[in-house]
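Notes follow the structure.
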Amino acid sequence: MTRSLTLCPPLRPLPTESAAGVPRFTLQELSGGLGDIGTFLPLAVALSVSVGMDLGLILISAGLMNLVTGWFFNQPIPVQPMKAIAVAAIAEALAPGQVAAAGLLSAAVLFVLACTGLVGWANRLVPKSLIRGLQVGIGVKLVFSGLQWVWALPMAGWNSWLVAALATGLLLLPLRRQPVLLYLFASGFVLLGLAHPHAFASIAPHWPHFHWVWPGADDWWPGLVSGALPQLPLTLLNSVVAVCSLSADYFPGRGIPPRRMALSVAAMNLVCVPLGGMPVCHGSGGLAAQYRFGARTGGSVILLGLLKIAAGLLIGAALLDVLRLYPKSILGVMVILAGLTLAAAVRDLPRRAGDIGVMAVTAAGIALANTFCGFLSGAAFALLWRLAKTLRANRQPDTGVHPRRPQRVPRLVFR
């Protein structure tokens with residue numbers, strides 16, 4: 001991959017963007033905040049349809065967390081669904097109480113890891129090549145997901161390959177100071193209105209039904225086995241370790257410590273889940289996508305949070321029918337570019353055989369199986385490579401002459 005590729009931004013921000021300062025509220029920041037909407041909306045809608053969770057409460061709770069984390073970190077740190085829990089809830093038809101149990105158990109474990117300092121130990125223990133492999137693997141899975149959405153579309157029409165090609169061309173234009181993604185996202189609703197003139201007729205003010213959600217006695221075990229256990233490795237590695245590494249890359253000198261990131265994820269779920277929201281986390285893919293589309297401060301996610309809260313309070317579940325019809329040609333392109341941006345972090349990996357091998361094995365495990373399998377395979381490869389290097393070094397005979405400390409040759413003195 002050459003540096004002239006325009007799909008991905010440079011890892012280092014512009015000099016004027018590196019200062020801490022205060023959140024900025026501009027169209028460019030709002031455009032960047034929409035960069036992760038391609039992964040947020042499908043899972044939020046699917047949870048609402050298959051599990052029966054209130055979409056209004058999902059939007060309001062996620063929006064509130066956007067406000068808090070945007071102001072607290074002043075970086076475009078996303079608020080995403082916990083993907084393993086969401087997928088398990090959709091595929092296995094978990095009850096809302098079981099989804100809540102999975103989120104609360106994951107939050108409790110993260111809280112303990114953060115308070116005991118084990119998160120920082122894990123961050124120091126995991127090599128950079130393994131983190132880059134996680135980012136590449138997750139990026140590849142996002143690209144495949146977006147390609148599957150686009151592949152199933154017809155060649156022409158309001159939601160087709162042609163629209164996807166036009167959206168890709170628009171996003172690749174060298175307009176870094178323009179909120180291109182905001183224009184594209186709005187054009188999706190325009191296309192929807194032209195194709196389905198009555199799609200917006202069902203939208204009416206709909207105040208969400210606020211209620212307390214707490215798991216019953218029979219919800220904890222299914223929530224642990226089906227949701228929390230598959231989610232914890234993904235959260236620890238992608239939502240804490242990898243996102244902290246990417247934060248340090250994008251904002252030199254202002255990288256977020258893993259302990260603060262883990263506490264943030266734990267606190268979000270301890271607040272959101274009992275209020276009827278879905279389990280949420282941060283993520284390196286969302287950070288890469290939002291940075292790619294112009295987000296540079298916490299103002300991007302604060303603006304996005306205000307939009308979510310307004311939609312949840314004023315429309316709520318009535319928005320569900322509209323979001324189901326939103327063109328996949330546009331959402332798919334957004335997901336593809338988000339995956340490419342995340343995978344582009346591999347550019348700073350040292351060109352050493354061991355580092356490249358660990359990265360490739362980790363990424364392949366994630367792409368072919370899941371994040372946990374990718375992490376285990378990458379960690380095993382890293383240990384075996386280090387062991388092989390140690391054995392190879394021990395087999396070399398010690399001649400007594402070391403490169404760094406050359407043997408002193410005695411001088412002959414004639415009298």
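Taking the numbered list (1) of a type outside the set (A, V, I, L, M); (2) at pLDDT below 90; (3) crowded, with 24+ Cβ neighbours inside 10 Å; (4) closer than 27 Å to Met53 by Cα in turn, Tyr326 passes all entries but (3).
Over 18 Å from the mean Cα position of the chain (by Cα) and over 17 Å from Leu270 (Cα atoms): which single residue out of Phe111, Phe72 fits that description? Before you say what the answer is, go through the steps one by one.
On the way: Phe111 fails: over 17 Å from Leu270 (Cα atoms).
Only one candidate passes the filter, namely Phe72.
Taking residues in region 38-58 that are closer than 13 Å to Lys83 by Cα and in contact (Cβ under 8 Å) with a residue 60 or more places away in the chain, and partners anywhere that are aromatic (Phe, Trp, Tyr) and in a helix (DSSP H, G or I), not one pair has Cβ atoms closer than 8 Å while being at least 6 places apart or on different chains. With a requirement of 3 or more residues that are under 25 Å from Trp220 (Cα atoms) and in contact with a Leu (Cβ under 9 Å, 6 or more places away or on another chain), the helices (runs of 4 or more DSSP H) lying completely within region 45-132 that satisfy it span 55-73, 83-92, 96-116. More than 23 Å from Ile85 (Cβ to Cβ), of a type in the set (A, V, I, L, M) and part of a loop (DSSP other than H, G, I, E, B) - does that describe any residue in region 355-372? No, region 355-372 contains no residue that is more than 23 Å from Ile85 (Cβ to Cβ), of a type in the set (A, V, I, L, M) and part of a loop (DSSP other than H, G, I, E, B).
Quick grid of which residues meet (1) charged (D, E, K, R); (2) free of Cβ contacts under 8 Å to residues at least 12 places away in the same chain; (3) within 20 Å of Ala44 (Cβ to Cβ); (4) touching a helix residue (DSSP H, G or I) at 6+ places or on another chain (Cβ under 6 Å):
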{"position": "Ala242", "(1), (2), (3), (4)": "no, no, no, yes"}
{"position": "Pro252", "(1), (2), (3), (4)": "no, no, no, no"}
{"position": "Pro257", "(1), (2), (3), (4)": "no, no, no, no"}
{"position": "Val301", "(1), (2), (3), (4)": "no, no, yes, yes"}
{"position": "Val322", "(1), (2), (3), (4)": "no, no, yes, yes"}
{"position": "Pro327", "(1), (2), (3), (4)": "no, no, yes, yes"}
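Tell me, yes or no, whether region 351-362 has at least one residue that is of a type outside the set (D, E, K, R), farther than 17 Å from Arg132 by Cα and at pLDDT 90 or above. So that I can check it myself, show each step before the final result.
Step one: of region 351-362, the residues of a type outside the set (D, E, K, R) are 353-354, 356-362.
Cutting the leftovers down to farther than 17 Å from Arg132 by Cα gives us none.
Among the residues of region 351-362, not one is of a type outside the set (D, E, K, R), farther than 17 Å from Arg132 by Cα and at pLDDT 90 or above, which makes the answer no.
Please go through region 121-154 and pick out each residue that is surrounded by 17 or more Cβ atoms within 10 Å (Cβ to Cβ) and more than 20 Å from the chain's Cα centre (by Cα). Of everything in region 121-154, those that are surrounded by 17 or more Cβ atoms within 10 Å (Cβ to Cβ) and more than 20 Å from the chain's Cα centre (by Cα) turn out to be Val150, Leu153.
The values are calculated or read from the model by the stated rules, or taken from the named source; none is laboratory data. Note that the coordinates shown come from a computational prediction; the quantities given were computed from them, not determined experimentally. Please note: Cβ atoms are built from the backbone with ideal geometry, for glycine as well, and neighbour counts cover all protein chains shown.
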